[in-house]
Amino acid sequence: ITTPYHVKCGILDVLLKLITSCDDLEPTSILIPILTELQKNGQKEIKKKSQNIFFLLNAKGINSPSSEFESESLKEKEQKIQQLEEQKRIQETEINKLKQENSKEKQEKEKERIEKERKDSEINKLKQENSKEKQEKERERNEKERKEEENKILKEEIKKMKKENEKLKPKPPQDFPIAIHNPDPSDIDFSDIDGKMKKITKKEYKNNTISLSQILENGIWEIETEFSGDLDYPCIGVMKDSFNFTAEQHSTNYSDNGMMEKFIIRIIRHLEIKDIQQVRK
């Protein structure tokens with residue numbers, strides 16, 4: 001609520017009379033701030049009355065009672081300002097410290113990230129090298145197995161070819177002792193020619209079959225026979241080892257009557273042999 005103008009003027013008049021008539025003016029010192037305010041913001045007449053009262057109080061040594069209070073207040077304000085400034089400084093210090101710590105933490109995290117990336121890169125590189133080395137070893141192992149298998153097959157082929165070649169190679173001729181079975185000594189004579197060849201002489205004109213005791217085993221066998229003289233139905237053949245001819249028997253007789261399978265494998269029949277003719281079989 002605004003105090004009316006005439007009221008203000010009346011109060012200032014009363015205060016002026018009080019100052020001029022009173023000896024103890026110390027209590028009026030509390031009015032100095034009000035008088036100062038009225039001097040600044042009051043109307044013209046009120047400003048004039050406020051100035052007069054203010055000058056009288058100053059002349060009598062009355063100052064504002066709040067000077068000390070104001071001084072204390074200023075000190076408190078300054079202290080508060082200092083406290084606030086100190087708090088601000090501490091806060092700024094803390095903030096800077098936190099910023100530095102945060103920056104340091106960021107740097108550490110960045111450093112850790114870079115280090116992690118470097119280790120991950122090294123690990124991946126080592127994994128790739130290890131995988132490549134494993135693949136290379138696997139390739140070498142497969143290549144080794146392949147070559148070993150090829151060598152094995154090649155050795156088998158060589159071994160097989162050697163066997164085939166051995167079979168195809170002509171065997172060296174062998175001399176076997178000639179043992180002759182004589183079924184009819186009265187008709188047949190034996191004589192030695194050179195220790196290898198035998199001469200069989202037939203003395204009478206009758207049938208007889210002479211066999212050799214040599215058993216023919218696997219392989220190729222060769223016999224060379226030379227005939228001379230006038231012979232009827234000469235033949236050369238192979239007989240079973242278990243069969244023996246008796247005197248005056250001709251091999252063709254057994255062939256004709258169905259007995260050939262008992263002793264003949266193959267017979268050369270009806271040879272037209274002239275004097276001094278060789279037959280190789």
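Any read-out appearing in this document is the output of simple, stated calculations on the displayed coordinates, not a laboratory observation. Bear in mind the structure is a predicted one, so any value in this text is a computation, not a measurement. Cβ sites come from the backbone with ideal geometry, for glycine too, and all protein chains shown count toward neighbours.
Percent of C-alpha pairs per 10 Å bin in region 111-226, short distances first: 9, 18, 13, 10, 9, 8, 7, 7, 6, 5, 4, 2, 1.
What do you get when you divide the Cα radius of gyration of region 107-146 by 2.2 N^0.38 Å, with N the number of residues?
Numbers: Rg = 17.0 Å, N = 40, 2.2 N^0.38 = 8.9 Å.
Expressed relative to 2.2 N^0.38 Å, the Cα Rg reads 1.91.
Put a dot 7 Å past the Cα of residue 78, heading toward its Cβ, do the same for residue 213, and the two dots end up 15.8 nm apart. Taking residue 106 as the anchor, which lysines have their alpha carbon closer than 23 Å to its alpha carbon, excluding any fewer than eight residues away along the same chain? Counting by Cα, and skipping residues close in sequence, residue 106 has these lysines nearby: 97, 116, 119.
The label-point distance for residue 88 and residue 198, in a model that sets each label 7 Å from Cα toward Cβ, rounds to 14.8 nm.
If you average 1/r across every pair of different Cα atoms in region 80-160 and take the reciprocal, what Kirkwood value do you get, in Å?
19.1 Å
Determine, from the Cβ-Cβ distance of residue 123 and residue 102 and an R0 of 35 Å, the FRET efficiency 1/(1 + (r/R0)^6), rounded to the nearest 0.05. Display every interim value, and only then the final one.
Values: r = 30 Å, r/R0 = 0.87.
The value I calculate is 0.70.
Roughly what would the spin-label model give for residue 161 and residue 6, points 7 Å off Cα along C-beta, in nm? My value for the distance between the label points is 15.2 nm.
For the peptides 76-83, 46-53, the ranking by mean Cβ contacts within 10 Å, running from highest to lowest, is 46-53, 76-83.
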